[in-house]
Every structure is written in C-alpha cells, then in structure tokens.
1. What is the dipole size for region 51-135, taken about its Cα centre, with +1 at each Lys and Arg Cβ and -1 at each Asp and Glu Cβ, in debye to the nearest 20?
2. Can you compute the FRET efficiency between residue 46 and residue 179 using 1/(1 + (r/R0)^6), with r the Cβ-Cβ distance and R0 = 35 Å? Round to the nearest 0.05.
3. For an R0 of 22 angstrom, estimate the FRET efficiency from the Cβ-Cβ distance between residue 128 and residue 66 and round to the nearest 0.05.
4. What translational D, rounded to a whole number of µm²/s, comes out for region 94-180 from Stokes-Einstein when the hydrodynamic radius is the Kirkwood one over Cα pairs, at 25 °C and 0.890 mPa s?
5. May I have the pair-distance distribution P(r) for region 42-147, computed from all Cα-Cα distances with 10 Å bins from 0 and rounded to whole percent?
6. Return, ordered by residue number, the residues of region 131-150 whose backbone nitrogen is under 18 Å from a label point located 7 Å along Cα→Cβ of residue 107.
7. Can you tell me the length gained on complete extension of the stretch residue 194 to residue 143, counting 0.36 nm per residue apart and subtracting the Cα distance?
8. Determine, from the Cβ-Cβ distance of residue 186 and residue 77 and an R0 of 25 Å, the FRET efficiency 1/(1 + (r/R0)^6), rounded to the nearest 0.05.
Amino acid sequence: MGRYTGSKTKIARRFGEPIYGPDKNFERRKYPPGLHGRSRKRRKQSVYGMQLNEKQKAKFIYGLYERQFRNFFKKAQRMKGKTGEILLQLLESRLDNVVYRLGIAPSRPAARQLVSHKHILVNGKIVNIPSYLVSEGDIIAVREKSKTLEVVQDSIKSKRANKYPWLEWDENLLAGKFLYRPTREEIPENINELLIVELYSK
C-alpha cells in the first residue's frame with residue numbers, strides 16, 4: 001500500500017484530534033467520519049485496540065510505512081534507555097522531520113519531497129533520503145539554488161520563533177543545527193509511546 005495522500009481531516013476525525021496541526025474542518029466536525037459518524041458512539045476500546053490505534057496514529061503523524069516503523073522500533077530496542085522515548089527520538093531525528101521542524105517546509109510530506117528532490121544539504125552534502133538520521137551537531141541547510149523556491153520562501157516567511165530547543169536556526173543562511181536528540185518532555189506530539197511498546201512486545 002502506498003503512502004496516505006487522502007484527506008487529513010478524515011484522519012484527524014478518526015483519531016479524535018488534529019494530528020496534522022490546526023484544522024478548521026476538524027473543529028467543525030469532531031465526530032468520526034462516515035455516514036453515521038455523528039450519531040455513532042465511540043465504543044470502549046479493548047487494550048489491543050488502544051495499542052493499535054496509538055501505533056497507527058504515530059505512523060500517520062510521521063508518515064511512515066509499517067515496515068519502516070517496525071524497523072525504527074527494533075533499532076530503539078537495541079539502544080540503552082526507555083524504548084518508547086528512544087523510538088520518538090529516532091523519529092524526530094529523521095531528516096524530513098528535522099526539515100519540517102526547522103520551518104523549511106510547511107508539512108512533513110512537503111519536507112519529504114524537498115529532501116527527495118535534492119534541495120537539502122547535510123553538512124554541505126546533498127542528502128536525498130528522507131529517513132536519514134541526523135546526528136548531534138549536523139548542519140541542515142537549503143541548497144543554494146533552491147533558496148528561491150516558493151514553498152521554501154512561503155514556509156520561512158510564516159515561520160514563527162524557533163519553538164524547539166534542540167534546533168538552532170540561522171535565517172540569513174537558511175540553515176539549522178541539530179543540537180541534540182530531544183527529551184520526551186520536549187517532543188510536542190500527543191503519542192502514548194508505552195502503548196506502542198506494549199503492542200510490539202507481545
């Protein structure tokens with residue numbers, strides 16, 4: 001199955017929260033999608049259902065396939081520390097996610113496209129692999145001839161002050177520095193990583 005390209009509002013309604021950011025359509029229709037969505041009461045989920053739902057939500061947020069997500073989990077398991085927290089740290093370290101967090105792109109799919117089309121440099125070299133894991137101290141920049149791209153300019157113009165302490169941004173150079181892997185408290189996504197760990201640990 002290919003990457004999801006459908007309605008973001010529909011997915012937000014499925015999980016009962018705007019997982020892709022502020023969504024006016026979601027605010028107007030906070031009930032589940034479908035013909036009987038408004039009248040349908042949400043049934044009490046089983047433990048497995050909650051675990052599966054949390055994993056699916058994380059996959060949609062970061063835009064990963066099942067195999068990619070499972071591989072990140074296995075990598076997190078092999079590392080020292082809390083598996084759930086390390087999993088989220090690895091996801092946050094993906095190049096497409098870092099490009100999005102820096103404000104170079106308005107969304108993760110847009111960031112993924114910029115990376116795939118060779119518009120992004122890491123330490124001065126082109127990297128076109130969205131899943132590339134950024135390390136502490138790496139410099140992520142927009143390629144010189146790509147700085148005039150409309151999507152980049154529009155995203156940077158609407159960019160607010162840097163909200164993420166693990167990232168440093170230089171507006172003049174259109175480059176950012178990955179300072180460190182964020183702690184769980186710093187990662188803003190509403191994900192219960194413990195449920196994901198429980199699901200994969202069965």
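1. Details: 16 positive and 5 negative charges, 54 e Å.
The dipole of region 51-135 has a size of about 260 debye.
2. On the way: r = 41 Å, r/R0 = 1.17.
In this case the efficiency is close to 0.30.
3. On the way: r = 23 Å, r/R0 = 1.04.
E between residue 128 and residue 66, to the nearest 0.05, is 0.45.
4. Details: Rh = 12.3 Å.
This corresponds to a translational diffusion coefficient of 199 µm²/s.
5. The distribution over region 42-147 is 14, 41, 29, 12, 3, 0, given as percents.
6. Once the point is set 7 Å along Cα→Cβ of residue 107, 150 turn out to lie under 18 Å by backbone N, inside region 131-150.
7. Working: separation 51, 0.36 × 51 = 18.36 nm, distance 3.84 nm.
Fully extending the segment from residue 194 to residue 143 adds 14.5 nm.
8. 0.70
No lab work stands behind these numbers, since they all come straight from the coordinates. Since the model is a prediction, treat every value here as computed from it, not as a measurement. Heads up, the Cβs are rebuilt from the backbone with ideal geometry, glycines too, and the neighbour counts pull from every protein chain shown.
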